[in-house]
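Throughout, read-outs are computed from the coordinates displayed, never taken from laboratory work. Being a predicted model, the structure only gives us computed values, none of them experimental. Ideal geometry is used to build each Cβ from the backbone, glycine not excepted, and the neighbour counts take in all protein chains shown.
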Amino acid sequence: MDRRKFLNNLSVTAIASIAGATTLSAKADALQDALEASLEEKFRIKPSHCYIDTGRHFKQPKEGLGFEGNEPAHMWRSVIWPNNLL
């Protein structure tokens with residue numbers, strides 16, 4: 001992002017909060033808040049873009065999860081019995 005464009009497009013309240021800050025860390029915090037707000041406006045993510053279908057290719061094994069003898073079986077057994085050691 002071009003700094004000049006960003007600084008020219010800042011809102012009046014963001015400029016006032018940056019100018020009104022007394023310490024350098026407060027100015028940095030105000031600038032960070034303004035940057036986050038401008039990025040949120042630019043890149044809005046819709047919840048429909050984040051949908052992941054996890055159950056489409058899942059098949060329950062006959063033995064049950066954790067008892068089929070593959071590599072992640074120990075993970076499923078630790079989920080089933082959390083108090084047992086690995």
- Could you give me the residue pairs with C-beta distances under 7 Å whose first residue belongs to the range 8-23 and is more than 17 Å from A37 (Cα to Cα), whose second residue is surrounded by 10 or more Cβ atoms within 10 Å (Cβ to Cβ) wherever it lies, and which are 6+ apart or on separate chains? A21/K27; A21/A30
- Hey, K5 hits all of (1) assigned to a helix (DSSP H, G or I); (2) touching a residue at least 12 places away in the same chain (Cβ under 8 Å) but one; which does it fall short on? (2)
